[in-house]
Amino acid sequence: MLHSDDLIRRKLLSRSIVDTDTPKVRGHHCRVWVAGTFSSGYAAMWDGEQTRLVSRLALRVLGGKKRIKLALHHCDNTLCIEPEHLYSGSHASNSADMTARGRGTRGARHPKAALTEDQARVVKFAPRIRGSREALAAEFGVSVSLVDGIRSGRNWAWLT
């Protein structure tokens, strides 16, 4: 049976602490969850029906928001459940926030990246007389299709 909002509120407040060592965001320090987490590092709690993201529960129960897609953090602290630090957003706004904070995995940050950003710039901007696409691919130990993708802008499109 799903717990009442009052019980969830008591659990949220009893299993979190205000961390005065965090900088104030929107006038409040982070309220840090000290109980269970998902493997992703986000706060987790059983609500009587299933294990849920605590940030969503906090935004609904403590923040008074009824329609929540995702709970995003102004403070960028995955364990924070302070309602003043949370806001409801879409997948698109979450992706935009991730990119703006530099948390994306594009380019060399991607775990399967074959090139550094400097190497990709060389491939993209190397004069055609330097060598064929095959020569560049061999020089950097990558495929010809990757060289073509970088030069066409299909890969590493943001490079200028």
Inset, instruction - Search the stretch 94-108 for residues that are without any contact (Cβ under 8 Å) to a residue 12 or more places away in the chain and pair each with any residue that is of a type in the set (Ser, Thr, Tyr) and in a helix (DSSP H, G or I) when their beta-carbon atoms are under 6 Å apart and the residues are at least 6 apart or on different chains. - result: none
Inset, instruction - For Ser88, work out the one condition from (1) part of a loop (DSSP other than H, G, I, E, B); (2) of a type in the set (Ser, Thr, Tyr); (3) touching a residue at least 24 places away in the same chain (Cβ under 8 Å) it doesn't fulfil. - result: (1)
Inset, instruction - Test Asn94 against the stated conditions and say whether it is crowded, with 16+ Cβ neighbours inside 10 Å and among the polar types (S, T, N, Q). - result: no
Inset, instruction - Only residues that are outside any loop (DSSP other than H, G, I, E, B) and either over 18 Å from His85 (Cα atoms) or of a type in the set (Asp, Glu) (or both): list them for the stretch 26-53, please. - result: Thr37, Met45, Trp46, Thr51, Arg52
Inset, instruction - Among the numbered conditions (1) surrounded by fewer than 15 Cβ atoms within 10 Å (Cβ to Cβ); (2) more than 30 Å from His29 (Cα to Cα), tell me where Ala137 comes up short. - result: (1)
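Let's see how each residue does on (1) in a loop (DSSP other than H, G, I, E, B); (2) surrounded by fewer than 18 Cβ atoms within 10 Å (Cβ to Cβ); (3) not charged (D, E, K, R):
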site	(1), (2), (3)
Thr22	yes, yes, yes
Ser55	no, no, yes
Leu59	no, no, yes
Arg67	yes, yes, no
Leu72	no, no, yes
Asn77	yes, no, yes
Legend entry - Condition broken by Ile150, with the remaining ones in (1) part of a helix (DSSP H, G or I); (2) out of contact with any Lys or Arg (no Cβ under 7 Å at 6 or more places or on another chain) satisfied: (2)
Legend entry - Test for Val123: is it in a loop (DSSP other than H, G, I, E, B) and not assigned by TED's automatic domain parsing to the domain that holds Ser14: no
Inset, instruction - Please enumerate the residues belonging to the stretch 65-85 that are over 18 Å from Asp97 (Cβ atoms) and touching a residue at least 12 places away in the same chain (Cβ under 8 Å). - result: Arg67
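Looking at the stretch 83-90, is at least one residue loosely packed, with under 14 Cβ neighbours inside 10 Å and either of a type in the set (Lys, Arg) or assigned by TED's automatic domain parsing to the domain that holds Trp33 (or both)?
So in the stretch 83-90, the residues loosely packed, with under 14 Cβ neighbours inside 10 Å come out as 90.
Those still in the list that are either of a type in the set (Lys, Arg) or assigned by TED's automatic domain parsing to the domain that holds Trp33 (or both) too: 90.
Yes, because at least one residue in the stretch 83-90 is loosely packed, with under 14 Cβ neighbours inside 10 Å and either of a type in the set (Lys, Arg) or assigned by TED's automatic domain parsing to the domain that holds Trp33 (or both).
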Legend entry - Residue, farthest from the chain's Cα centre (by Cα), within the stretch 100-120, restricted to residues that are assigned to a helix (DSSP H, G or I) and surrounded by 11 or more Cβ atoms within 10 Å (Cβ to Cβ): Gln119
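The values are calculated or read from the model by the stated rules, or taken from the named source; none is laboratory data. Only a predicted model underlies this, so the values are computations on that prediction, with no experimental measurement involved. Cβ coordinates were reconstructed from backbone atoms using ideal geometry, including for glycine residues, and neighbour counts include every protein chain displayed.
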